[in-house]
Amino acid sequence: MEPTAYLESLRPAGSKRSSKRDLIVNVFLRQEGHLTADDLFDLIRREDQKISRATVYRTLQWMIDAGIARKVDFGEGRFRFEHSYRHPRHFHLICKTCNHSFEFLSSDIEVLLEEVAAARNFTPGQSVLQIHGTCEACRTGRPAPAEAGATSLVFARDALRIAIATERSGLEFYTRAARVAKDARGRRVFEKLAEEEREHLATLETRYRELLQQDRQLEAHPTFLFFKGAANGLFSAGAEQLMSGVNDRQALMIGIRCERGSHRFFKRYGERFEDSEGKQIFLEFADEERAHLELLIREYRGLVERQRRTPARAAKRKTRRAPASA
Ligand SMILES: [Zn+2]
Ligand SMILES: [Zn+2]
């Protein structure tokens, strides 16, 4: 949904359009970064001399209530405001020299915070993490990298990078699993999944290229989303396990674990993001992983059933194949 359509949807039916409010909201949404109420007031005054400070303050509060703006406190003794519409909650690096703040998000930090809260039987609400220090530009005198035009694009870029990395390691996993599978039907399942991963990978890569066309500088922006222990780690660990001589049931079980972990990871992170393309990417990816998971579970059950019905033949096949696979 576009911001204007979104704003329309917030307006109670039949309420009169407030042109002052629309102006303030539009000016706010055109800015990136973290504005004080006075910064916003100065910007509004350039466009309309008649709007009072009180109206700007009131509208800011309205934007917070409506989920368009978020209040942040960098310890300067006054609040700043940033977008929250299509803008995920994040952490900040704050430069004490130039007062710039730089945004980032880390799943590893969030997982850790949740672990700490759970261990203390604490229900976590909002977490605020700020790193105060000196930015690269202030420290070295080199110009700062281009300020992101829109965080939502950088967020989508990083979400796509994570999905692509996960897809690549999934492809590697299924290619390897198809190689080690002894059961013909099991092998076909792994080959089919490898084929699907290849297709999804191509789709994601196309989407990534399309995204880059929206902003030529997009790749130059610093990383926003840090995912050290992301879901692609699951598949690489699974691929390692495959090499330690597993049977088909075990191979399917490892695949199930990887897909379940991946599905949960993308769903959990996707759901906590505000409406954005990055969120869409995560949720769509979570759905794909769930489809793979369901397929693997069906195959696992089928294999167990086949082995139960024909234990003798399965055993014979095993002994016949053993020398070849050794
Ligand atoms: Zn600085
Ligand atoms: Zn921020």
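None of the figures in this text is laboratory data; all of them are computed from the coordinates on show. Keep in mind that this is a model prediction, so the values were computed, not measured. With ideal geometry, Cβ positions are generated from the backbone for all residues, glycine too; neighbour counts draw on all protein chains shown.
Hey, how much of the P(r) for the chain falls beyond 33 Å, as a percent of Cα pairs? Result: 43 percent of Cα pairs exceed 33 Å. Considering the options PRO88, ALA163, LEU211, tell which one lies farthest towards the positive end of the dipole of the chain, charges being +1 on Lys and Arg and -1 on Asp and Glu at the Cβ, about the Cα centre. Farthest towards the positive pole: ALA163. Placing +1 on the Cβ of every Lys and Arg and -1 on the Cβ of every Asp and Glu, with no other charges, gives the chain a dipole of roughly 1580 debye about its Cα centre.
Using the Cβ-Cβ distance between ARG308 and ASP287 with R0 = 41 Å, the FRET efficiency computed as 1/(1 + (r/R0)^6) comes to roughly 0.80. Taking Cα centre as origin and charging only the Cβ of basic (Lys, Arg, +1) and acidic (Asp, Glu, -1) residues, the dipole magnitude of the range 16-84 rounds to 400 debye. Counting only DSSP beta bridges whose two residues both lie in the chain, roughly 60 percent are antiparallel. GNM on the chain, alpha-carbon springs under 10 angstrom: the most fluctuating residue among GLN250, GLN217, GLN49 is GLN49.
Axis angle, to the nearest 10 degrees, between helix 19-30 and the longest C-alpha principal axis of the chain: 50 degrees. Of the trypsin sites (Lys or Arg not before Pro) in the range 144-228, the ones in a loop by DSSP (not H, G, I, E or B) with at most 16 other beta carbons within 10 Å are LYS182, ARG216, LYS228.
Helix 37-47 and the long axis of the chain differ in direction by around 70°, with both axes built from C-alpha atoms.
Each stretch of four or more DSSP H residues adds -39500 (n - 2.57); spread over every residue of the chain, this sum gives -21500 deg cm²/dmol at 222 nm.
For ARG139 and ARG53, a Förster radius of 30 Å and the Cβ-Cβ distance give a FRET efficiency of 0.25, rounded to the nearest 0.05. Placing +1 on the Cβ of every Lys and Arg and -1 on the Cβ of every Asp and Glu, with nothing else charged, gives the range 179-275 a dipole about its Cα centre of roughly 500 debye.
If R0 is 30 Å, the Cβ-Cβ spacing of ALA184 and ARG268 corresponds to a FRET efficiency of close to 0.25. Seen against the Cα atoms of the chain and their longest principal axis, helix 311-325 is set at about 80 degrees.
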